[in-house]
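J.: Next up is a structure, given as structure tokens.
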Amino acid sequence: MSHHISLIALSAVLALCPAVPVQAAPRLFGDSVLLRQDGFTDEINGQGPDLVLLAAGPSDGWKTVIRHLRGRYPVHLIVLDRPDGDIAAVDAWLVKRGWTPVLLAGEAPAAALAAAHPENVKQVLQLQGASETMIAALKAFLRG
């Protein structure tokens, strides 16, 4: 009988506890489309052939990069919830949306996705450093 009362008490306490949402990456632009998936967020900006930027976590540096590209490309900024996030989930999302093979650029997870699923990646560029360096590298990558 005491176990039954304890379970009822525990259920009552849990019902009063608010759910803690997973912290999603903040939206970089007010007119972007934000698609939340399990394990990552896809923020879409711009028009043209799809370019996917894959980030290990949120960063304001990506805003500068996207600002330079969004007039010519729909830029998908996919931000993993954790630096060691599930790249298989990202790959499945890209395939499901019909965006493969994809032009892929970004931090270490981009290289990991390209290595794990080369059939779904047209080209990959690993980026690091300041946003100005990334912009120059991306412009050369997209031209070539």
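The values are calculated or read from the model by the stated rules, or taken from the named source; none is laboratory data. Just so it is clear, the structure is predicted and the values come from calculations on it, not from any experiment. Cβ: placed from backbone, ideal geometry, glycine included. Neighbour counts: every protein chain shown.
J.: Any idea which residue in segment 117-139 is farthest from R67 (Cα to Cα), counting only those that are in contact with a helix residue (DSSP H, G or I) (Cβ under 8 Å, 6 or more places away or on another chain) and β-branched (V, I, T)?
T.: Ranking the candidates gives V121 first.
J.: List pairs: first residue in segment 119-130 and under 10 Å from L104 (Cβ atoms), second residue among the hydroxyl-bearing types (S, T, Y) and crowded, with 16+ Cβ neighbours inside 10 Å anywhere in the structure, Cβ distance under 7 angstrom, at least six positions apart or on different chains.
T.: N120/T100
J.: From the list G85, G98, G106, G39, exactly one residue is more than 30 Å from A140 (Cα to Cα) and at pLDDT 85 or above. Which is it?
T.: G39 is the lone residue from the list that is more than 30 Å from A140 (Cα to Cα) and at pLDDT 85 or above.
J.: Could I ask something else about it? Which count do you get for residues in segment 131-140 that are over 15 Å from G106 (Cβ atoms) and of a type outside the set (D, E, K, R)?
T.: 2
J.: Something else: List the strands (runs of 3 or more DSSP E) inside segment 41-110, counting only whole elements, that have at least 2 residues being under 14 Å from L125 (Cα atoms) and touching a residue at least 24 places away in the same chain (Cβ under 8 Å). If you could, list the steps in order and put the result at the bottom.
T.: Values: elements: 51-55, 75-80, 102-106.
Where strands (runs of 3 or more DSSP E) fall fully within segment 41-110 and carry at least 2 residues being under 14 Å from L125 (Cα atoms) and touching a residue at least 24 places away in the same chain (Cβ under 8 Å), they are 51-55, 102-106.
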